[in-house]
Amino acid sequence: MLNEHELRRVVVSEMHLRRWPQICAPASIIQFVRVLDPADREEEMAAMCAIPSVGPSVPFPSENLPRHLSGNLAPGLAFTWERQSEASTTTLFVTGNGSPALTDALAWAGSLPGKVIRASRLQLVEDEAAALALLPGLGFAPDDMVTCYIGDHPDEARARVWSDFQLREDGFGVALIAACGMAPGPFSRTLQRLQELGNYRNLALLGLPVARDGWRALDRVEEMLAEVNHAVARPDITDDELLEKVMHLSMEQVAQASAADFRMNATQAYATIVEERLAELHIVPVPGCLSLADFTQRRFLPAVRTCAAHSRRAELLSQRTAQVLTLLRTRIDTRIENQNGCLLASMERNASRQLRLQQLVEGLSVVAVSYYALGLIGKVLEGVEEAVPQVHAHFTAALLAPVVVLGVWFGLHHMKRRILGAEEGK
């Protein structure tokens, strides 16, 4: 028994292409794409375990629901369900002219949790003649008609598609597709890519309203940034006031980024998939008609570019805010350095003042010690003068005064050097 990594089977299952069943015209395909919140996933699991029992039973686990399910609901009625990161896709495949179980299947598919971002009906016919016969009854708007040839391979047969990409009263979009001799396998792959193109296009366009609202938010951020830029150059505004302004600006940017970053990144990812699906469909335009590629280029790409411009502008404003923070930090550092310089200068003046006072005290100390020393010598000399009249006490004391002063000065200086050291005792 292999000691498998706990994610091995998940990874392997992700690498397998989830193909649709092989489809032969005439048939119809009904698909729902729903955006789900994380809280809706548990309800979705319960709904997938309650598939209507209108045909052979399909085993569904009650726990750890896989990301892809498929089966037959009744003769001539199949389904697939796929779970994406933020959406789920439910597709019903009706062969021939219909199935009695379709009503129950639609009721079940329509009751699944989540908000519908796309609902579509594909009417499949065998050839262009059958399609042209049905075309007037589908009510396509002539001014918005899109038609072109699509295929699985550029050198093989191609199907033709018609649609105006407008919603009907029941909320569905409608497309008419003629197989035009395509084999069931390539035809199924082409239809799947066509549906994925529309699904990812709608998911990508969810970012456009966010970008438009975010553009106004970025206008406010830019105004605040301009005010802070001017305030940094004004010496009358304190650093505390500037810091408060910058914090408010940063909080506004964080709030805007939290509201828009995920949606903008998702739009970019979905747009990449849309471009890939367009390339895989190998579109050949019909002369004089708007093709699927033209429709996408004209209406979809500007929206994607708007979202990309929003992301670039937000990033640019973030860089400019970082520059303002650097300027503010430089201003504060310069102010601190100036304060430290003033403090050092003040300390130097105080030290110089203390040195002068110390020298003054030392001078006074020499005078005082010399005075008392001469007083003692004078008393001694007076006593000697009484015993030896030849000795003149006052004269002798006067002669000894310079010697005593110098001796006291040298003595104090020597003691200072011994106590403080040679350098500090100078």
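The values are calculated or read from the model by the stated rules, or taken from the named source; none is laboratory data. Just so it is clear, the structure is predicted and the values come from calculations on it, not from any experiment. With ideal geometry, Cβ positions are generated from the backbone for all residues, glycine too; neighbour counts draw on all protein chains shown.
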When every residue in the range 258-273 that is buried (at least 18 other Cβ atoms within 10 Å of the Cβ) and either over 20 Å from residue 307 (Cβ atoms) or among the small types (Gly, Ala, Ser) (or both) is compared, the one farthest from the chain's Cα centre (by Cα) is 271
Somewhere in the range 372-391, is a residue surrounded by 13 or more Cβ atoms within 10 Å (Cβ to Cβ) and outside any helix (DSSP H, G or I)?
-> yes
Pick from 320, 418: which is within 30 Å of residue 213 (Cβ to Cβ) and either in a helix (DSSP H, G or I) or among the acidic types (Asp, Glu) (or both)?
-> 320
From the list 352, 346, 370, pick out the single residue that is among the hydroxyl-bearing types (Ser, Thr, Tyr), over 30 Å from residue 265 (Cα atoms) and in contact (Cβ under 8 Å) with a residue 24 or more places away in the chain.
-> 370
Of all the residues that make up the range 318-343, how many are over 19 Å from residue 233 (Cα atoms) and in contact (Cβ under 8 Å) with a residue 12 or more places away in the chain?
-> 1
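Rundown of residues vs (1) modelled with pLDDT under 70; (2) under 37 Å from the mean Cα position of the chain (by Cα); (3) part of a strand (DSSP E or B); (4) not small (Gly, Ala, Ser), yes/no style:
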position: 14; (1), (2), (3), (4): yes, yes, no, yes
position: 22; (1), (2), (3), (4): no, no, no, yes
position: 25; (1), (2), (3), (4): no, no, no, no
position: 34; (1), (2), (3), (4): no, yes, yes, yes
position: 45; (1), (2), (3), (4): no, yes, no, yes
Residue in the range 293-309 that is among the aliphatic types (A, V, I, L, M) and under 21 Å from residue 157 (Cα atoms) present | yes
If you go through 179, 183, 204, 175, the only one that is hydrophobic (A, V, I, L, M, F, W, C) and closer than 22 Å to residue 265 by Cα is 204
Find the strands (runs of 3 or more DSSP E) located wholly in the range 53-99 whose residues include 2 or more that are closer than 14 Å to residue 30 by Cα, touching a helix residue (DSSP H, G or I) at 6+ places or on another chain (Cβ under 7 Å) and at pLDDT 75 or above, and list them.
-> 77-83, 87-95
Determine which member of the set 303, 293, 309 is part of a helix (DSSP H, G or I), small (Gly, Ala, Ser) and over 31 Å from the mean Cα position of the chain (by Cα).
-> 293
Would you mind finding the one in 155, 143 that is assigned to a helix (DSSP H, G or I), farther than 22 Å from residue 95 by Cα, at pLDDT below 90 and of a type outside the set (S, T, N, Q)?
-> 143
Selected residue [modelled with pLDDT under 85, of a type in the set (Ser, Thr, Tyr) and farther than 30 Å from residue 226 by Cα] from 365, 291 = 365
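This table checks each residue for (1) under 24 Å from residue 149 (Cβ atoms); (2) free of Cβ contacts under 8 Å to residues at least 12 places away in the same chain; (3) aliphatic (A, V, I, L, M).
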site	(1), (2), (3)
257	no, no, yes
264	no, no, yes
273	yes, no, yes
276	yes, yes, no
280	yes, no, no
285	yes, no, no
289	yes, no, no
296	yes, no, no
302	no, yes, no
